[in-house]
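Input: a single structure, listed below in structure tokens.
What follows is calculated from the coordinates using simple rules that are stated; it is not laboratory data. Nothing here was measured: the structure is a model prediction, and the numbers come from that model. Ideal geometry is used to build each Cβ from the backbone, glycine not excepted, and the neighbour counts take in all protein chains shown.
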Amino acid sequence: MESLAFLVVILMLTAILGGPVAILLTMIRTRNILLTILRRVVHGVIVMFSLMVTSTFLFNVQLPLPVHLIGLYGVAMAYIAIRREYFPEVRIIAP
């Protein structure tokens, strides 16, 4: 039963912290092309894994409401991280 609790903790931490960590990675700007590629690969892996876990939380109907809200939070954070990294010039609301 302890291993199941560890698995749940890992999944919840991935859902809660995946998006903010990816957003923090978008704040790092480098001029070295190799570091930029490495940062984008790490960013993509974090966002991909976070989206897989949070979409499972969001669309599984058997889970309670707080878990659905964590899933919604994770998807929103991953969306923001993707927009900041790969589409920084696109504005949703023009000034």
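What are the residues in region 43-95 that are of a type in the set (Phe, Trp, Tyr) and in contact with a Ser or Thr (Cβ under 7 Å, 6 or more places away or on another chain), if any?
Let us first name the residues in region 43-95 that are of a type in the set (Phe, Trp, Tyr), namely 49, 57, 59, 73, 79, 86-87.
Answer for region 43-95, where residues must be of a type in the set (Phe, Trp, Tyr) and in contact with a Ser or Thr (Cβ under 7 Å, 6 or more places away or on another chain): just 49.
Total residues in region 42-69 satisfying the condition of being touching a helix residue (DSSP H, G or I) at 6+ places or on another chain (Cβ under 8 Å), in a helix (DSSP H, G or I) and surrounded by 12 or more Cβ atoms within 10 Å (Cβ to Cβ): the figure is 15. Take the conditions of a type in the set (A, V, I, L, M) and surrounded by 13 or more Cβ atoms within 10 Å (Cβ to Cβ) and apply them to residue 34. Does it pass? No; evaluated as a whole, the condition is false for this residue. Note on region 6-31: residues that are within 17 Å of residue 66 (Cβ to Cβ) and aliphatic (A, V, I, L, M) total 8.
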